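The values are calculated or read from the model by the stated rules, or taken from the named source; none is laboratory data. All values reported here derive from a predicted model rather than from experimental measurement. Note that we place each Cβ from the backbone using ideal geometry, even for glycine, and neighbour counts take in every protein chain shown. Heads up: the accessible areas ignore ligands, DNA and RNA and are worked out on the full protein's heavy atoms, side chains in. Shrake-Rupley method; radii C 1.70, N 1.55, O 1.52, S 1.80 Å.
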Amino acid sequence: VNFSVSEIKEMGLSFPNIWTPQGSESKPLFGYSAMLARGFQTFGKSTGLLASFSLGNSFKNVQKVDNAYRDADVLYEYDVAASRATVLGGLNTNLTTKLSERSKIKLDLLYTRSSEDQARVAEGMNNDRGEILRTTTLTYVERGLLSTVLQGDHGLGFLNSRLQWNAGYSEASRSEPDRRSSVYQNDDGILKLGGGSTHPLIRIYGDSKDYIRSYKADWTIPMRSDEEKPSRVKTGVAYRSKDRGSEYRRFGFTNRHKPRGTRLDLSLAPEEQVSSDNIEDGVYRVEELTLDNDAYTADQNLVATYAMLEFPLGKQISVVAGARFESSEQVVEATAPNCPVCPREFVTQKDENILPSLNLTITPHKNMNLRMAYSKTLNRPELRELSPFTIYNFETNWSETGNVELETARISNYDFRWELYPHPNEFVALGLFYKDFQNPIQKFVSANTGGYALAPLNGNTGYLYGWEGEIRLSLASVWQALA
(Lines give C-alpha, C1' and ligand atoms only; values in the text may rest on other atoms or scores of the structure.)
Protein backbone atom coordinates (compact mmCIF):
# COMPACT_ATOMS: atom_id res chain seq x y z
CA VAL A 1 0.00 0.00 0.00
CA ASN A 2 1.36 3.39 -0.99
CA PHE A 3 0.84 6.17 1.57
CA SER A 4 1.41 9.87 1.14
CA VAL A 5 4.14 11.70 3.06
CA SER A 6 1.56 13.32 5.34
CA GLU A 7 -0.05 9.96 6.10
CA ILE A 8 3.33 8.46 6.99
CA LYS A 9 4.05 11.38 9.34
CA GLU A 10 0.64 10.93 10.95
CA MET A 11 1.40 7.26 11.51
CA GLY A 12 4.73 8.07 13.10
CA LEU A 13 3.10 10.59 15.45
CA SER A 14 0.45 8.05 16.50
CA PHE A 15 2.95 5.85 18.39
CA PRO A 16 3.47 6.60 22.11
CA ASN A 17 6.96 8.08 22.42
CA ILE A 18 8.15 5.83 25.26
CA TRP A 19 11.35 3.81 24.71
CA THR A 20 13.64 4.10 27.72
CA PRO A 21 13.15 2.11 30.97
CA GLN A 22 12.58 4.29 34.01
CA GLY A 23 13.31 3.27 37.60
CA SER A 24 10.55 3.43 40.20
CA GLU A 25 9.51 1.87 43.50
CA SER A 26 7.46 -1.28 43.23
CA LYS A 27 3.96 -1.52 44.63
CA PRO A 28 3.38 -3.70 47.70
CA LEU A 29 2.87 -7.37 47.00
CA PHE A 30 -0.69 -8.57 47.44
CA GLY A 31 -2.51 -11.86 47.26
CA TYR A 32 -6.19 -12.70 47.60
CA SER A 33 -7.85 -16.09 47.59
CA ALA A 34 -11.31 -17.42 48.34
CA MET A 35 -12.96 -20.85 48.33
CA LEU A 36 -16.57 -22.01 48.32
CA ALA A 37 -17.74 -25.59 48.94
CA ARG A 38 -21.31 -26.69 49.38
CA GLY A 39 -23.78 -29.45 48.58
CA PHE A 40 -27.37 -29.06 47.43
CA GLN A 41 -30.15 -30.79 45.51
CA THR A 42 -30.68 -30.27 41.76
CA PHE A 43 -33.94 -31.75 40.46
CA GLY A 44 -33.81 -34.18 43.33
CA LYS A 45 -30.20 -35.21 42.64
CA SER A 46 -27.27 -34.68 44.99
CA THR A 47 -24.92 -31.99 43.68
CA GLY A 48 -21.58 -30.77 45.02
CA LEU A 49 -19.87 -27.47 44.20
CA LEU A 50 -16.24 -26.55 44.82
CA ALA A 51 -14.96 -23.18 43.58
CA SER A 52 -11.78 -21.23 44.26
CA PHE A 53 -10.50 -17.80 43.23
CA SER A 54 -7.05 -16.23 43.49
CA LEU A 55 -5.39 -12.95 42.52
CA GLY A 56 -1.85 -11.80 43.22
CA ASN A 57 1.15 -9.90 41.95
CA SER A 58 4.92 -10.29 42.04
CA PHE A 59 8.07 -8.35 41.13
CA LYS A 60 11.46 -9.62 40.13
CA ASN A 61 14.75 -7.82 39.44
CA VAL A 62 17.62 -9.73 37.84
CA GLN A 63 21.20 -8.77 37.11
CA LYS A 64 23.16 -11.37 35.20
CA VAL A 65 25.86 -12.01 32.64
CA ASP A 66 24.65 -13.25 29.27
CA ASN A 67 27.38 -14.80 27.11
CA ALA A 68 27.25 -16.81 23.89
CA TYR A 69 29.94 -18.96 22.32
CA ARG A 70 30.68 -20.61 18.99
CA ASP A 71 33.17 -23.38 19.64
CA ALA A 72 35.89 -21.53 21.60
CA ASP A 73 35.03 -18.09 20.22
CA VAL A 74 32.97 -15.62 22.25
CA LEU A 75 30.09 -14.20 20.20
CA TYR A 76 29.01 -11.63 22.78
CA GLU A 77 29.36 -10.79 26.46
CA TYR A 78 26.49 -8.77 27.88
CA ASP A 79 25.74 -7.44 31.34
CA VAL A 80 21.96 -7.63 31.67
CA ALA A 81 19.61 -5.84 34.06
CA ALA A 82 15.95 -6.85 33.86
CA SER A 83 12.87 -5.99 35.90
CA ARG A 84 9.56 -7.83 35.66
CA ALA A 85 6.12 -7.14 37.18
CA THR A 86 3.49 -9.88 36.98
CA VAL A 87 -0.20 -10.06 37.90
CA LEU A 88 -1.93 -13.45 37.92
CA GLY A 89 -5.58 -14.26 38.58
CA GLY A 90 -7.55 -17.46 38.28
CA LEU A 91 -10.90 -19.17 38.85
CA ASN A 92 -11.38 -22.93 39.25
CA THR A 93 -14.82 -24.52 39.54
CA ASN A 94 -15.94 -28.12 39.90
CA LEU A 95 -19.61 -29.15 39.80
CA THR A 96 -20.63 -32.80 40.25
CA THR A 97 -24.14 -34.29 40.14
CA LYS A 98 -24.87 -37.86 41.20
CA LEU A 99 -27.58 -39.21 38.91
CA SER A 100 -27.74 -42.63 40.56
CA GLU A 101 -25.62 -45.01 42.60
CA ARG A 102 -23.69 -45.96 39.46
CA SER A 103 -23.89 -42.80 37.40
CA LYS A 104 -22.64 -39.21 37.71
CA ILE A 105 -21.71 -36.22 35.60
CA LYS A 106 -19.07 -33.61 36.32
CA LEU A 107 -18.23 -30.16 34.98
CA ASP A 108 -14.74 -28.65 35.41
CA LEU A 109 -14.00 -25.02 34.52
CA LEU A 110 -10.63 -23.28 34.71
CA TYR A 111 -9.89 -19.67 33.78
CA THR A 112 -6.60 -17.86 34.29
CA ARG A 113 -5.40 -14.43 33.19
CA SER A 114 -1.92 -13.01 33.55
CA SER A 115 -0.07 -9.88 32.54
CA GLU A 116 3.67 -9.39 32.47
CA ASP A 117 5.44 -6.03 32.15
CA GLN A 118 9.20 -6.25 31.61
CA ALA A 119 12.08 -3.83 31.02
CA ARG A 120 15.49 -5.14 29.96
CA VAL A 121 18.85 -3.45 29.31
CA ALA A 122 21.83 -5.40 27.96
CA GLU A 123 25.25 -3.85 27.36
CA GLY A 124 28.56 -5.40 26.39
CA MET A 125 30.96 -6.48 23.66
CA ASN A 126 29.50 -7.98 20.49
CA ASN A 127 32.43 -9.60 18.68
CA ASP A 128 30.40 -10.20 15.52
CA ARG A 129 30.11 -6.45 15.07
CA GLY A 130 33.36 -5.60 16.81
CA GLU A 131 31.69 -2.96 18.96
CA ILE A 132 30.10 -2.45 22.33
CA LEU A 133 26.30 -2.51 22.03
CA ARG A 134 23.52 -1.49 24.37
CA THR A 135 20.03 -2.81 23.68
CA THR A 136 16.90 -1.86 25.59
CA THR A 137 13.57 -3.65 25.37
CA LEU A 138 10.15 -2.86 26.83
CA THR A 139 7.52 -5.59 26.61
CA TYR A 140 4.01 -6.11 27.89
CA VAL A 141 2.34 -9.49 27.39
CA GLU A 142 -1.15 -10.66 28.34
CA ARG A 143 -2.03 -14.35 28.45
CA GLY A 144 -5.38 -16.03 28.97
CA LEU A 145 -6.54 -19.62 29.33
CA LEU A 146 -10.08 -21.01 29.44
CA SER A 147 -10.67 -24.74 29.82
CA THR A 148 -14.00 -26.53 30.26
CA VAL A 149 -14.57 -30.27 30.48
CA LEU A 150 -17.92 -32.05 30.82
CA GLN A 151 -17.57 -35.73 31.72
CA GLY A 152 -19.79 -38.61 32.64
CA ASP A 153 -19.35 -41.99 34.33
CA HIS A 154 -22.21 -44.48 33.94
CA GLY A 155 -22.59 -48.05 35.08
CA LEU A 156 -24.59 -50.06 32.53
CA GLY A 157 -26.72 -53.13 33.06
CA PHE A 158 -25.54 -54.59 29.75
CA LEU A 159 -22.68 -57.03 30.57
CA ASN A 160 -22.23 -55.07 33.82
CA SER A 161 -20.10 -52.68 31.74
CA ARG A 162 -19.17 -49.05 32.31
CA LEU A 163 -19.29 -46.08 29.93
CA GLN A 164 -17.07 -43.05 30.52
CA TRP A 165 -17.07 -40.01 28.26
CA ASN A 166 -15.93 -36.41 28.17
CA ALA A 167 -16.24 -33.36 25.96
CA GLY A 168 -13.85 -30.45 26.29
CA TYR A 169 -13.36 -26.96 24.93
CA SER A 170 -10.46 -24.62 25.64
CA GLU A 171 -9.02 -21.33 24.46
CA ALA A 172 -5.54 -19.91 24.88
CA SER A 173 -4.54 -16.39 23.91
CA ARG A 174 -1.39 -14.30 23.90
CA SER A 175 -1.34 -10.56 23.19
CA GLU A 176 1.77 -8.41 22.87
CA PRO A 177 0.44 -4.93 22.11
CA ASP A 178 3.70 -2.97 21.84
CA ARG A 179 7.22 -4.41 22.13
CA ARG A 180 9.78 -1.60 21.86
CA SER A 181 13.49 -2.08 21.32
CA SER A 182 16.43 0.20 20.63
CA VAL A 183 20.09 -0.44 19.76
CA TYR A 184 23.02 1.86 20.57
CA GLN A 185 26.55 1.24 19.32
CA ASN A 186 29.88 2.57 20.60
CA ASP A 187 31.35 5.33 18.44
CA ASP A 188 34.68 6.76 19.73
CA GLY A 189 33.65 6.11 23.31
CA ILE A 190 30.10 7.43 22.89
CA LEU A 191 27.05 5.18 22.55
CA LYS A 192 25.00 6.31 19.59
CA LEU A 193 21.70 5.09 18.20
CA GLY A 194 22.25 2.76 15.28
CA GLY A 195 24.00 -0.50 16.02
CA GLY A 196 24.64 -1.05 12.31
CA SER A 197 20.90 -1.17 11.61
CA THR A 198 18.88 1.08 9.33
CA HIS A 199 15.99 0.65 11.80
CA PRO A 200 17.51 0.96 15.28
CA LEU A 201 14.09 1.59 16.82
CA ILE A 202 11.59 -1.26 16.43
CA ARG A 203 7.99 -1.72 17.55
CA ILE A 204 6.20 -5.07 17.29
CA TYR A 205 2.50 -5.84 17.77
CA GLY A 206 1.31 -9.43 17.91
CA ASP A 207 -1.67 -11.62 18.78
CA SER A 208 -2.15 -15.38 18.76
CA LYS A 209 -5.10 -17.58 19.76
CA ASP A 210 -5.67 -21.32 20.03
CA TYR A 211 -9.03 -23.11 20.08
CA ILE A 212 -9.16 -26.78 21.08
CA ARG A 213 -12.13 -29.17 21.01
CA SER A 214 -11.89 -32.74 22.24
CA TYR A 215 -14.27 -35.69 22.61
CA LYS A 216 -13.64 -39.11 24.08
CA ALA A 217 -15.65 -42.21 25.01
CA ASP A 218 -14.47 -45.40 26.77
CA TRP A 219 -16.40 -48.64 27.21
CA THR A 220 -15.15 -51.14 29.79
CA ILE A 221 -16.43 -54.74 30.03
CA PRO A 222 -15.35 -56.81 33.07
CA MET A 223 -14.47 -60.44 32.35
CA ARG A 224 -14.13 -61.56 35.97
CA SER A 225 -14.88 -59.98 39.36
CA ASP A 226 -11.57 -60.71 41.14
CA GLU A 227 -10.43 -57.31 42.46
CA GLU A 228 -6.82 -58.42 43.05
CA LYS A 229 -6.45 -59.98 39.59
CA PRO A 230 -9.06 -58.23 37.40
CA SER A 231 -9.77 -59.22 33.84
CA ARG A 232 -11.43 -56.73 31.55
CA VAL A 233 -11.67 -55.39 28.02
CA LYS A 234 -11.62 -51.67 27.32
CA THR A 235 -12.15 -49.92 24.01
CA GLY A 236 -12.77 -46.36 22.95
CA VAL A 237 -12.60 -43.56 20.43
CA ALA A 238 -11.20 -40.03 20.67
CA TYR A 239 -11.24 -36.90 18.53
CA ARG A 240 -9.28 -33.68 18.97
CA SER A 241 -9.14 -30.56 16.82
CA LYS A 242 -6.95 -27.50 17.28
CA ASP A 243 -7.16 -24.21 15.41
CA ARG A 244 -4.48 -21.56 15.74
CA GLY A 245 -4.23 -18.05 14.39
CA SER A 246 -1.25 -15.72 14.75
CA GLU A 247 -0.51 -12.29 13.32
CA TYR A 248 2.38 -9.91 13.93
CA ARG A 249 3.14 -6.47 12.55
CA ARG A 250 6.53 -4.76 12.75
CA PHE A 251 7.43 -1.09 12.42
CA GLY A 252 10.81 0.60 12.42
CA PHE A 253 11.98 4.20 12.68
CA THR A 254 14.80 5.29 10.38
CA ASN A 255 16.68 8.51 9.64
CA ARG A 256 18.14 7.41 6.34
CA HIS A 257 15.70 9.71 4.49
CA LYS A 258 16.42 12.81 6.59
CA PRO A 259 16.69 16.10 4.70
CA ARG A 260 20.17 17.21 3.64
CA GLY A 261 21.97 19.39 6.10
CA THR A 262 20.10 17.93 9.06
CA ARG A 263 22.31 17.56 12.12
CA LEU A 264 21.22 14.93 14.60
CA ASP A 265 22.76 14.01 17.94
CA LEU A 266 22.52 10.20 17.91
CA SER A 267 23.65 9.97 21.54
CA LEU A 268 20.34 11.39 22.75
CA ALA A 269 17.60 9.21 24.19
CA PRO A 270 15.13 7.78 21.64
CA GLU A 271 12.34 10.00 22.99
CA GLU A 272 14.32 13.08 21.97
CA GLN A 273 15.29 11.73 18.57
CA VAL A 274 11.82 10.64 17.42
CA SER A 275 10.14 13.71 18.85
CA SER A 276 7.07 15.11 17.15
CA ASP A 277 9.18 17.95 15.67
CA ASN A 278 11.68 15.52 14.08
CA ILE A 279 8.87 13.44 12.63
CA GLU A 280 7.08 16.50 11.28
CA ASP A 281 10.37 17.75 9.74
CA GLY A 282 11.07 14.36 8.12
CA VAL A 283 14.21 13.66 10.18
CA TYR A 284 12.72 10.34 11.29
CA ARG A 285 10.07 8.34 9.49
CA VAL A 286 8.27 5.13 10.29
CA GLU A 287 8.40 2.16 7.89
CA GLU A 288 6.50 -1.11 8.05
CA LEU A 289 8.83 -4.09 8.38
CA THR A 290 6.19 -6.83 8.51
CA LEU A 291 7.47 -10.02 6.86
CA ASP A 292 5.66 -12.16 4.32
CA ASN A 293 5.18 -14.96 6.88
CA ASP A 294 4.19 -12.80 9.85
CA ALA A 295 0.63 -14.12 9.82
CA TYR A 296 -0.46 -17.73 9.67
CA THR A 297 -3.39 -19.95 10.44
CA ALA A 298 -3.06 -23.61 11.34
CA ASP A 299 -5.22 -26.52 12.35
CA GLN A 300 -4.77 -30.08 13.48
CA ASN A 301 -7.28 -32.93 13.50
CA LEU A 302 -6.60 -36.18 15.33
CA VAL A 303 -8.83 -39.27 15.31
CA ALA A 304 -7.95 -42.28 17.44
CA THR A 305 -9.41 -45.69 18.23
CA TYR A 306 -7.94 -48.04 20.80
CA ALA A 307 -8.48 -51.31 22.62
CA MET A 308 -6.96 -52.83 25.75
CA LEU A 309 -7.12 -56.26 27.36
CA GLU A 310 -6.17 -56.84 30.99
CA PHE A 311 -5.95 -60.44 32.22
CA PRO A 312 -4.01 -62.61 34.70
CA LEU A 313 -1.61 -65.44 33.81
CA GLY A 314 -1.82 -67.59 36.86
CA LYS A 315 -1.67 -66.12 40.35
CA GLN A 316 1.57 -64.18 40.03
CA ILE A 317 1.49 -62.61 36.57
CA SER A 318 -0.82 -59.92 35.15
CA VAL A 319 -0.78 -58.70 31.56
CA VAL A 320 -2.13 -55.50 30.05
CA ALA A 321 -1.89 -55.40 26.25
CA GLY A 322 -3.36 -52.92 23.82
CA ALA A 323 -2.97 -50.89 20.67
CA ARG A 324 -3.97 -47.44 19.52
CA PHE A 325 -4.59 -46.31 15.93
CA GLU A 326 -4.11 -42.60 15.23
CA SER A 327 -4.84 -40.60 12.10
CA SER A 328 -3.53 -37.04 12.18
CA GLU A 329 -3.51 -34.11 9.77
CA GLN A 330 -1.75 -30.78 10.36
CA VAL A 331 -2.15 -27.82 7.99
CA VAL A 332 -0.38 -24.45 8.19
CA GLU A 333 -1.11 -21.50 5.91
CA ALA A 334 1.17 -18.45 6.03
CA THR A 335 0.54 -15.14 4.32
CA ALA A 336 1.63 -11.51 4.49
CA PRO A 337 -0.75 -9.23 6.43
CA ASN A 338 -2.29 -6.44 4.36
CA CYS A 339 -0.84 -7.88 1.14
CA PRO A 340 -3.48 -9.75 -0.87
CA VAL A 341 -1.13 -10.20 -3.85
CA CYS A 342 1.70 -11.81 -1.83
CA PRO A 343 2.08 -15.58 -2.33
CA ARG A 344 0.73 -17.91 0.35
CA GLU A 345 2.68 -20.81 1.76
CA PHE A 346 0.97 -24.09 2.67
CA VAL A 347 2.36 -26.87 4.84
CA THR A 348 0.48 -30.17 5.18
CA GLN A 349 1.53 -33.16 7.23
CA LYS A 350 -0.52 -36.37 7.39
CA ASP A 351 0.32 -39.62 9.13
CA GLU A 352 -1.37 -42.80 10.32
CA ASN A 353 0.17 -44.96 13.01
CA ILE A 354 -0.54 -48.08 15.03
CA LEU A 355 0.94 -47.75 18.52
CA PRO A 356 1.16 -51.01 20.51
CA SER A 357 1.78 -51.31 24.25
CA LEU A 358 2.47 -54.21 26.60
CA ASN A 359 2.69 -54.18 30.40
CA LEU A 360 3.71 -57.20 32.47
CA THR A 361 3.47 -57.34 36.29
CA ILE A 362 5.07 -60.22 38.19
CA THR A 363 4.39 -60.72 41.91
CA PRO A 364 7.03 -63.17 43.24
CA HIS A 365 6.05 -62.26 46.81
CA LYS A 366 2.95 -60.67 48.28
CA ASN A 367 5.01 -57.58 49.21
CA MET A 368 6.97 -57.32 45.96
CA ASN A 369 6.21 -56.41 42.33
CA LEU A 370 8.29 -56.50 39.16
CA ARG A 371 6.88 -54.35 36.33
CA MET A 372 8.04 -54.36 32.72
CA ALA A 373 6.56 -52.27 29.92
CA TYR A 374 7.02 -51.58 26.23
CA SER A 375 5.20 -48.98 24.14
CA LYS A 376 5.47 -46.87 21.01
CA THR A 377 4.66 -43.17 21.13
CA LEU A 378 4.89 -40.15 18.84
CA ASN A 379 6.20 -36.60 19.10
CA ARG A 380 4.46 -34.54 16.45
CA PRO A 381 5.70 -31.04 15.61
CA GLU A 382 3.78 -28.21 17.22
CA LEU A 383 1.84 -26.00 14.83
CA ARG A 384 4.18 -23.17 15.81
CA GLU A 385 7.18 -25.31 14.86
CA LEU A 386 5.73 -26.07 11.41
CA SER A 387 5.06 -22.43 10.57
CA PRO A 388 7.65 -20.30 8.71
CA PHE A 389 7.00 -17.45 11.15
CA THR A 390 10.08 -15.77 12.72
CA ILE A 391 10.32 -13.70 15.89
CA TYR A 392 13.31 -12.26 17.73
CA ASN A 393 13.90 -13.48 21.31
CA PHE A 394 15.64 -10.70 23.22
CA GLU A 395 16.45 -13.11 26.07
CA THR A 396 18.71 -15.24 23.84
CA ASN A 397 19.51 -12.61 21.17
CA TRP A 398 18.45 -15.16 18.55
CA SER A 399 15.69 -15.21 16.02
CA GLU A 400 13.34 -18.16 16.51
CA THR A 401 11.71 -19.67 13.46
CA GLY A 402 9.78 -22.75 12.43
CA ASN A 403 10.63 -25.47 9.93
CA VAL A 404 8.09 -26.47 7.27
CA GLU A 405 9.95 -29.74 6.62
CA LEU A 406 9.71 -31.15 10.15
CA GLU A 407 8.64 -34.79 10.48
CA THR A 408 6.99 -36.66 13.34
CA ALA A 409 9.41 -38.29 15.76
CA ARG A 410 8.77 -41.93 16.71
CA ILE A 411 9.76 -43.25 20.12
CA SER A 412 10.13 -46.79 21.45
CA ASN A 413 9.87 -46.90 25.25
CA TYR A 414 11.24 -49.62 27.56
CA ASP A 415 10.60 -49.50 31.31
CA PHE A 416 11.44 -51.72 34.29
CA ARG A 417 10.40 -51.11 37.89
CA TRP A 418 11.00 -53.08 41.12
CA GLU A 419 8.71 -52.35 44.08
CA LEU A 420 8.87 -53.56 47.68
CA TYR A 421 6.17 -52.91 50.31
CA PRO A 422 7.65 -53.76 53.74
CA HIS A 423 4.68 -52.34 55.67
CA PRO A 424 1.36 -50.65 54.86
CA ASN A 425 1.89 -47.13 53.46
CA GLU A 426 5.62 -47.82 52.99
CA PHE A 427 7.49 -48.78 49.86
CA VAL A 428 10.89 -48.88 48.19
CA ALA A 429 11.10 -48.64 44.39
CA LEU A 430 13.80 -48.62 41.72
CA GLY A 431 13.04 -47.83 38.07
CA LEU A 432 15.04 -48.07 34.85
CA PHE A 433 14.00 -46.61 31.50
CA TYR A 434 15.31 -46.46 27.94
CA LYS A 435 13.90 -44.53 24.97
CA ASP A 436 14.90 -44.99 21.35
CA PHE A 437 14.15 -42.02 19.04
CA GLN A 438 13.69 -42.01 15.28
CA ASN A 439 13.71 -38.54 13.64
CA PRO A 440 13.95 -36.74 17.01
CA ILE A 441 12.98 -33.05 16.96
CA GLN A 442 15.85 -30.92 18.24
CA LYS A 443 16.60 -27.19 18.38
CA PHE A 444 19.67 -25.98 16.48
CA VAL A 445 21.32 -22.57 16.27
CA SER A 446 22.72 -21.45 12.93
CA ALA A 447 24.14 -18.20 11.59
CA ASN A 448 21.91 -16.10 9.35
CA THR A 449 21.82 -12.55 8.05
CA GLY A 450 22.35 -10.19 10.94
CA GLY A 451 22.72 -12.74 13.72
CA TYR A 452 21.69 -16.26 14.68
CA ALA A 453 18.51 -18.27 14.31
CA LEU A 454 17.10 -21.04 16.50
CA ALA A 455 15.06 -23.57 14.52
CA PRO A 456 13.75 -27.11 15.10
CA LEU A 457 15.30 -29.85 12.95
CA ASN A 458 14.95 -33.61 12.71
CA GLY A 459 17.92 -35.68 13.80
CA ASN A 460 18.51 -39.21 12.53
CA THR A 461 18.39 -41.22 15.76
CA GLY A 462 18.74 -40.66 19.47
CA TYR A 463 18.36 -42.35 22.80
CA LEU A 464 17.69 -41.51 26.43
CA TYR A 465 18.18 -43.74 29.43
CA GLY A 466 18.24 -43.35 33.17
CA TRP A 467 17.08 -44.59 36.53
CA GLU A 468 15.06 -43.32 39.46
CA GLY A 469 14.67 -44.42 43.05
CA GLU A 470 11.93 -43.75 45.58
CA ILE A 471 11.61 -44.55 49.27
CA ARG A 472 8.73 -43.83 51.61
CA LEU A 473 9.07 -44.95 55.24
CA SER A 474 7.10 -43.99 58.32
CA LEU A 475 8.93 -42.29 61.19
CA ALA A 476 7.69 -45.02 63.50
CA SER A 477 9.53 -47.71 61.54
CA VAL A 478 12.73 -45.64 61.44
CA TRP A 479 12.52 -45.02 65.19
CA GLN A 480 11.97 -48.70 65.94
CA ALA A 481 14.93 -49.65 63.72
CA LEU A 482 17.22 -47.23 65.57
CA ALA A 483 15.96 -48.09 69.07
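Pairs meeting the criteria (first residue in the range 11-23 and part of a loop (DSSP other than H, G, I, E, B), second residue of a type in the set (Lys, Arg), beta carbons under 7 Å, at least 6 apart or on different chains) are 15/203; 19/180.
Within the range 191-225, the set of residues being more than 28 Å from residue 267 (Cα to Cα), more than 33 Å from the chain's Cα centre (by Cα) and touching a residue at least 24 places away in the same chain (Cβ under 8 Å) comprises 220, 221, 222, 223. The residue pairs whose first member lies in the range 270-286 and is aromatic (Phe, Trp, Tyr), whose second member is assigned to a helix (DSSP H, G or I), and whose beta carbons are closer than 8 Å, counting only pairs six or more residues apart or on different chains, are 284/12; 284/273; 284/278.
Collect the residues in the range 24-56 that are at negative phi, part of a loop (DSSP other than H, G, I, E, B) and not aliphatic (A, V, I, L, M), keeping them in residue-number order. The answer is 24, 25, 26, 27, 28, 30. Checked against (1) buried (at least 16 other Cβ atoms within 10 Å of the Cβ); (2) on the phi < 0 side of the Ramachandran plot; (3) more than 19 Å from the chain's Cα centre (by Cα), residue 374 passes all but condition (1). Has the range 237-248 got any residue that is part of a loop (DSSP other than H, G, I, E, B), open to solvent by 30 Å² or more (accessible area, probe 1.4 Å) and out of contact with any Leu (no Cβ under 7 Å at 6 or more places or on another chain)? No, the conditions are met nowhere in the range 237-248. Looking across the range 331-363, the residues that are open to solvent by 60 Å² or more (accessible area, probe 1.4 Å) and either more than 30 Å from residue 251 (Cα to Cα) or modelled with pLDDT of 95 or more (or both) come down to 348, 350, 352, 354, 358, 359.
Of the residues that make up the range 295-309, is at least one crowded, with 16+ Cβ neighbours inside 10 Å, among the acidic types (Asp, Glu) and either touching a Gly at 6+ places or on another chain (Cβ under 6 Å) or in a loop (DSSP other than H, G, I, E, B) (or both)? Among the residues of the range 295-309, not one is crowded, with 16+ Cβ neighbours inside 10 Å, among the acidic types (Asp, Glu) and either touching a Gly at 6+ places or on another chain (Cβ under 6 Å) or in a loop (DSSP other than H, G, I, E, B) (or both), which makes the answer no.
Within the set 468, 382, 407, the sole residue that is within 20 Å of the chain's Cα centre (by Cα), open to solvent by 80 Å² or more (accessible area, probe 1.4 Å) and in contact (Cβ under 8 Å) with a residue 24 or more places away in the chain turns out to be 407. You will find that of 218, 210, 265, the residue that is of a type in the set (Asp, Glu) and surrounded by fewer than 16 Cβ atoms within 10 Å (Cβ to Cβ) is 265 and no other. Open to solvent by 80 Å² or more (accessible area, probe 1.4 Å), at pLDDT below 90 and within 19 Å of the chain's Cα centre (by Cα): which single residue out of 443, 366 fits that description? Only one candidate qualifies: 443.
Would it be correct to say that residue 281 is surrounded by fewer than 14 Cβ atoms within 10 Å (Cβ to Cβ) and of a type outside the set (A, V, I, L, M)? Yes. Residue-level analysis places residue 41 outside the set of residues that are under 31 Å from the mean Cα position of the chain (by Cα) and either under 29 Å from residue 82 (Cβ atoms) or exposed (fewer than 14 other Cβ atoms within 10 Å of the Cβ) (or both). Of all residues in the range 167-184, those that are surrounded by 16 or more Cβ atoms within 10 Å (Cβ to Cβ) and either out of contact with any Ser or Thr (no Cβ under 9 Å at 6 or more places or on another chain) or under 30 Å from residue 307 (Cβ atoms) (or both) total 2.
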